[in-house]
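Trainee: Would you mind keeping the following structure in view while I ask a few things?
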Amino acid sequence: MNYSVCLNLYPSLFLNSYQMVNQQFDGEEHAQIYSLYRPDIPSDIAQKSVEFLKKKFDGTLEVAVDVGCGCGQSSVILAPFFSRVRGLDVSEAQIQEAKKHRVYSNVEYSVQEAETLPFENGSVQLVTAGASLHWFDLEVFFREVRRILTPGGVFVAYTYHSLRPLLECPLRMKEVDAIYKQIYDDLYPYWPPEAHSSLEKYKSVHFPFEEVLRIPDIRQMFNGKLSDLVGFIESMSSFQIMKKKDSNEAESFIHQFRVKLREILMVSDDSQDPEIRLYRDFYCILCRKGQEY
């Protein structure tokens, strides 16, 4: 199903989706779920961002700004590389979670809109937007990013779609893929229009920089639990919108997802929450501001 079809089938849903997303991201309950079930961003992204920056910038790495930082998962990975990291998000609830659970001596969090970045011209070496770019007014945001970046400074956008179990058996992995395809098909009508550019890996976004590099997917693998997979789906904006519109439908949806996961993972006891191997794939775009600007 494509976006235009969804728009025709569910016009009232899409008319109010942006407002609903803003409200649910600012909710304390959703912020707690987001903080708990969204793992920290892989350090590889920070490493590649800094390597790209250093290719044409030999100054001191003083300030990095993470816009749309959520609960700080994307901010803390920058701490080892910069003297000062600022994590910004429009949601007060998300910022409070970041201050509680992702505390670093050189990382500061504050509530701030992406379209008004509180930094002097040319004062920032790196700006990042992790799984958040699609929520911004891009024309205004990019103008602000270019304003605050030092000549040769770098902007990095990245996104990811899902957290999945990684199984050794190829046939069982096909079953996993089929389940997630169904999950995303079912949630598709609830995705806000802004989220579609993320689902499409920002392919339709024009990045107004002198150098733009799209790098291959970065895979993050780690140990987790079945409950992490369920919690990740519950943290998604599309599920939160479904929940707001019909809590019974959302409860049934997440129950069926849990049942299917248990079947594939061969977990018979509902009380069990076994440790399993998990993965998620990131898509990353590296952008450089020209030296002459």
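The values are calculated or read from the model by the stated rules, or taken from the named source; none is laboratory data. Quick caveat, the model's predicted, so the values are computed rather than measured. Heads up, the Cβs are rebuilt from the backbone with ideal geometry, glycines too, and the neighbour counts pull from every protein chain shown. The protein model used for the area step is the full one, side chains on, heavy atoms only, and it has no ligands, DNA or RNA in it. Shrake-Rupley method; radii C 1.70, N 1.55, O 1.52, S 1.80 Å.
Trainee: Rounding to the nearest 10 and keeping the result within 0 to 90°, find how far the Cα-based axis of helix 226-235 lies from the longest principal axis of the chain.
Mentor: Helix 226-235 sits roughly 60 degrees off the main axis of the chain.
Trainee: Using alpha-carbon pairs under 8 Å, 6+ residues apart, how would you state the relative contact order of the chain in percent? Could you put the intermediate results ahead of the total?
Mentor: Values: 492 pairs, mean separation 66.1, N = 293.
Computed value for the chain: 23 percent relative contact order.
Trainee: Per the Kirkwood formula on distinct C-alpha pairs, the Rh of region 87-141 is how many angstrom? All intermediate terms of the calculation are to be shown ahead of the outcome.
Mentor: Numbers: mean 1/r = 0.0801 Å⁻¹.
So the Kirkwood estimate lands at 12.5 Å.
Trainee: Expressed as a fraction of 2.2 N^0.38 Å, the rule-of-thumb size for a compact globular protein of N residues, what is the C-alpha radius of gyration of region 127-226? Spell out each step's value before the answer.
Mentor: On the way: Rg = 17.0 Å, N = 100, 2.2 N^0.38 = 12.7 Å.
Cα-based Rg divided by the globular estimate yields 1.34.
Trainee: At q = 0.21, 0.22 Å⁻¹, what log₁₀ I(q)/I(0) does a Debye calculation on the Cα points of region 77-184 give, no solvent, two decimals?
Mentor: Cα-only, vacuum Debye calculation for region 77-184: -1.15, -1.23.
Trainee: So, one more: Need one number for region 38-139: average projected area of the convex hull over its C-alpha atoms, nm².
Mentor: Here the figure is 6.5 nm², rounded to one decimal.
Trainee: Determine the distance separating the Cα centre of region 230-293 from the Cα centre of region 143-174; give it in Å without decimals.
Mentor: For region 230-293 versus region 143-174, the Cα centre distance is 16 Å.
Trainee: By accessible area of protein heavy atoms, probe 1.4 Å, what ranking do Ser268, Ser91 get, highest first? Don't jump to the answer; show the numbers that get you there.
Mentor: Numbers: Ser268 110, Ser91 5 Å².
Accessible-area ranking of Ser268, Ser91, largest first: Ser268, Ser91.
Trainee: Additional query: Dividing the convex hull volume of the alpha carbon atoms of region 212-280 by its residue count, what do you get in Å³ per residue? Don't skip to the answer; put the middle values down first.
Mentor: Working: hull volume 7.6 nm³, N = 69.
Value for region 212-280: 110 Å³ per residue.
Trainee: Strictly over 28 Å apart at the Cα level, which of Lys56/Lys201; Lys203/Lys245; Lys181/Lys289; Lys100/Lys289 would you flag in this model?
Mentor: Lys203/Lys245; Lys181/Lys289; Lys100/Lys289
Trainee: Rounded to whole Å and ordered largest first, report the semi-axes of the equivalent ellipsoid of region 240-293 derived from its Cα gyration tensor (root of 5λ). Let's see the in-between values first.
Mentor: On the way: eigenvalues 307, 89, 11 Å².
After scaling each eigenvalue by five and taking roots: 39, 21, 7 Å.
Trainee: Once the piece of chain linking Glu168 and Ser83 is laid out straight, how much longer is it, given 0.36 nm per residue of separation minus the C-alpha distance between them? Intermediate results must be reported in sequence, preceding the final value.
Mentor: Numbers: separation 85, 0.36 × 85 = 30.60 nm, distance 4.18 nm.
Contour length minus the Cα-Cα distance gives 26.4 nm.
Trainee: Using all C-alpha to C-alpha distances in the chain, build P(r) with 10 Å bins and read off the rounded percent in each one.
Mentor: For the chain, the binned pair fractions read 6, 27, 34, 23, 9, 1, 0 percent.
Trainee: Next question, about the same structure. Check the straight Cα-Cα distances from Lys243 and name the aspartates and glutamates below 17 Å, setting aside those fewer than 8 residues away within the same chain.
Mentor: Qualifying aspartates and glutamates at Cα under 17 Å: Asp26, Glu28, Glu29, Asp185, Asp186, Glu234, Glu251.
Trainee: Follow-up. What do you get for the angle between helix 170-187 and the principal long axis of the chain? Use alpha-carbon atoms, 0 to 90 degrees, nearest ten.
Mentor: It is inclined by approximately 80 degrees.
Trainee: In debye, nearest 20: dipole of region 220-288 around its Cα centre with unit charges on the Cβ of K, R (+) and D, E (-)? If you can, show how the numbers build up before the last one.
Mentor: Working: 10 positive and 11 negative charges, 81 e Å.
I would put it at about 380 debye.
Trainee: Summing Lys, Arg as +1 and Asp, Glu as -1, what charge do residues with Cβ under 12 Å from the Cβ of Ala46 carry, Ala46 excluded?
Mentor: Numbers: positive: Lys48; negative: Asp40, Asp44, Glu51, Asp66.
Net charge around Ala46: -3.
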